[in-house]
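The values are calculated or read from the model by the stated rules, or taken from the named source; none is laboratory data. Owing to the predicted nature of the structure, the values given are computational and were not obtained by experimental measurement. Cβ coordinates were reconstructed from backbone atoms using ideal geometry, including for glycine residues, and neighbour counts include every protein chain displayed.
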Amino acid sequence: MNNVAPTREKAIANKIERLRQENRACLLAIETSCDETAAAVVEGGRVIRSSVVASQMETHALYGGVVPEIASRKHIETIAQVVERALKESGKTPQTLAGVAVTCGPGLVGALLVGINYAKAFAYAAGLPLIPVNHMEGHICANYIAYPELAPPFLCLIASGGHSQIIEARIGGSYRLLGQTKDDAAGEAFDKAARVLSIPYPGGPLLDELAEAGDPNAIPFPRAKLDGRYDFSFSGLKTALVRFVQKHGSDYGKADIAASFRKAVVDALVDKTILAARERNAAAIAVAGGVAANRLLRREMQKKAKQNGVACYIPPVALCTDNAAMIGAAGFVRLMCGEVAGLTLNAAPSDRGLFIT
């Protein structure tokens, strides 16, 4: 019995080396970092064979935001069905997969553990490598699915509910952090603004929709001045919005307030990213994360990138929000780097280990 584990580990190691040499692999990917239970089958890190997302939005809308305990329970209820459907739609079986990629962080610890433990059991039963994936790298790698021709080096703006970062994707699967928010993330700022304006959950996307009908120059909201050339700050902007609404009321041209606030956030994201690209002679910019679905951000980044002679890559909206296909793409990168995990893999809810500073 003592030889079973070493024999299994050796078989998996041989399989990984073979896959690395062939540079292709079909992975089952699992994502449960927040309130979407998602599974996908991705081939070669760039081709989606299936992608299934079970949203909990209606459940959490009752509370005005994500309730972690409820999210975890919902993941438990749905993960088996979601994975089964992803496999069925892809035409794959456990025996024809090369590995299981799973988000291990950052995210809600209870939600992450549901996906990790399911992935562990699946990988162990099928004799497959278990591949840990950083959620933020998943967002970056969503661009590889949308644009198979994209390859490092390039700059990437990650903008989400918890992150606002400018990173440099390097050859060999490593990343360098160039700049980040010093307080609140762009997505969190949008959600806060939505609450101030009495916009229901999910606030960010609905604020974006309302802003389309407003005047973005109606209210001169401030832009933060920072020592870090590529850093962001949105806390002062949120305070300015609160004070404006306290003075004038949220019904004072609500669409104009939304549009002006959105423009202030987007200006910061775009201007800092373009500055970094220009000063570092980047040939390409990618955008990733849930805020990449913002319509003004997509328009402005594409326009400014073109003006500066830089290629711009922004995934379709479905690949900007949380999904498992992006985890499969990132899992392929990790697998090609020979990175796999054992059954002791644990959740890293606030993992900051992705980037080289």
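Residue-wise test of (1) polar (S, T, N, Q); (2) in a helix (DSSP H, G or I); (3) outside the structural domain of Tyr201 (by TED's automatic domain parsing); (4) closer than 23 Å to Leu297 by Cβ.
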site: Tyr118; (1), (2), (3), (4): no, yes, yes, no
site: Ala121; (1), (2), (3), (4): no, yes, yes, no
site: Ile131; (1), (2), (3), (4): no, no, yes, no
site: Glu137; (1), (2), (3), (4): no, yes, yes, yes
site: Cys156; (1), (2), (3), (4): no, no, no, yes
site: Ile167; (1), (2), (3), (4): no, no, no, yes
site: Gly173; (1), (2), (3), (4): no, no, no, no
site: Leu178; (1), (2), (3), (4): no, no, no, yes
site: Asp183; (1), (2), (3), (4): no, no, no, yes
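For region 266-357, please list each of the helices (runs of 4 or more DSSP H) lying entirely inside it that holds at least 1 residues being touching an Asp or Glu at 6+ places or on another chain (Cβ under 7 Å).
Result: 295-307, 325-336.
Evaluate the following for Ala224: is it in contact (Cβ under 8 Å) with a residue 24 or more places away in the chain, crowded, with 20+ Cβ neighbours inside 10 Å and either in a helix (DSSP H, G or I) or not assigned by TED's automatic domain parsing to the domain that holds Leu62 (or both)?
Criteria not met by Ala224.
I'd like the residue in region 241-254 that is of a type in the set (A, V, I, L, M) and surrounded by 16 or more Cβ atoms within 10 Å (Cβ to Cβ) and, out of all such residues, is nearest to the chain's Cα centre (by Cα).
Leu241
Given the structure, is Gly289 on the phi < 0 side of the Ramachandran plot, touching a helix residue (DSSP H, G or I) at 6+ places or on another chain (Cβ under 9 Å) and either buried (at least 21 other Cβ atoms within 10 Å of the Cβ) or not assigned by TED's automatic domain parsing to the domain that holds Ala11 (or both)?
no
How many of the residues in region 23-79 are in contact with a Ser or Thr (Cβ under 9 Å, 6 or more places away or on another chain), basic (Lys, Arg) and more than 20 Å from Leu335 (Cβ to Cβ)?
Matching residues across region 23-79 total 1.
How do the pairs read when you match residues in region 117-144 that are over 19 Å from Gly161 (Cα atoms) and free of Cβ contacts under 8 Å to residues at least 60 places away in the same chain with residues anywhere that are β-branched (Val, Ile, Thr) and outside any helix (DSSP H, G or I), using Cβ under 8 Å and keeping only pairs 6 or more apart or on different chains?
What qualifies is Ala123/Val100; Ala126/Val100.
Please identify the pairs in which a residue from region 312-330 that is modelled with pLDDT of 95 or more has its Cβ atom under 6 Å from the Cβ atom of a residue that is of a type in the set (Val, Ile, Thr) and surrounded by fewer than 23 Cβ atoms within 10 Å (Cβ to Cβ), counting only partners at least 6 apart or on another chain.
Asn323/Val53; Ala325/Ile48
For the condition in contact with a Gly (Cβ under 9 Å, 6 or more places away or on another chain) and over 24 Å from Ala39 (Cβ atoms), what is the one hit in Ala277, Ala268, Ala258?
Going through Ala277, Ala268, Ala258 in turn, the sole match is Ala258.
May I ask you to list the residues in region 301-311 that are in contact with a Lys or Arg (Cβ under 9 Å, 6 or more places away or on another chain) and either outside the structural domain of Lys272 (by TED's automatic domain parsing) or surrounded by fewer than 20 Cβ atoms within 10 Å (Cβ to Cβ) (or both)?
Asn308, the sole residue that qualifies.
Report the residue count in region 162-210 for those that are surrounded by 21 or more Cβ atoms within 10 Å (Cβ to Cβ) and of a type in the set (S, T, N, Q).
The qualifying residues number 3.
Just the residues that are out of contact with any Leu (no Cβ under 8 Å at 6 or more places or on another chain) and in a loop (DSSP other than H, G, I, E, B), please, taken from region 187-212.
Once the filter is applied, which keeps residues that are out of contact with any Leu (no Cβ under 8 Å at 6 or more places or on another chain) and in a loop (DSSP other than H, G, I, E, B), region 187-212 yields Ser198, Tyr201, Pro202, Glu212.
Only one of these is surrounded by 24 or more Cβ atoms within 10 Å (Cβ to Cβ) and over 23 Å from Arg280 (Cβ atoms): Ala142, Ala123, Ala159. Name it.
One residue alone meets the criteria, Ala123.
Return yes when Glu77 is more than 14 Å from Ile327 (Cβ to Cβ) and either under 15 Å from the mean Cα position of the chain (by Cα) or among the charged types (D, E, K, R) (or both) and no when it is not.
For Glu77, the condition - more than 14 Å from Ile327 (Cβ to Cβ) and either under 15 Å from the mean Cα position of the chain (by Cα) or among the charged types (D, E, K, R) (or both) - is met.
Yes/no matrix, rows are residues, columns are (1) more than 22 Å from Tyr201 (Cα to Cα); (2) in contact (Cβ under 8 Å) with a residue 60 or more places away in the chain:
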{"residue": "Gly44", "(1), (2)": "yes, yes"}
{"residue": "Gln56", "(1), (2)": "no, no"}
{"residue": "His60", "(1), (2)": "no, yes"}
{"residue": "Pro68", "(1), (2)": "no, no"}
{"residue": "Ile76", "(1), (2)": "yes, no"}
{"residue": "Gln81", "(1), (2)": "yes, no"}
{"residue": "Val102", "(1), (2)": "yes, yes"}
{"residue": "Gly107", "(1), (2)": "no, yes"}
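Among the residues of region 102-115, is any within 18 Å of the chain's Cα centre (by Cα), assigned to a strand (DSSP E or B), within 30 Å of Cys156 (Cα to Cα) and of a type in the set (A, V, I, L, M, F, W, C)?
yes
Tell me, yes or no, whether region 86-94 has at least one residue that is under 22 Å from the mean Cα position of the chain (by Cα) and free of Cβ contacts under 8 Å to residues at least 24 places away in the same chain.
Checked against the condition, which is being under 22 Å from the mean Cα position of the chain (by Cα) and free of Cβ contacts under 8 Å to residues at least 24 places away in the same chain, region 86-94 yields no hits at all.
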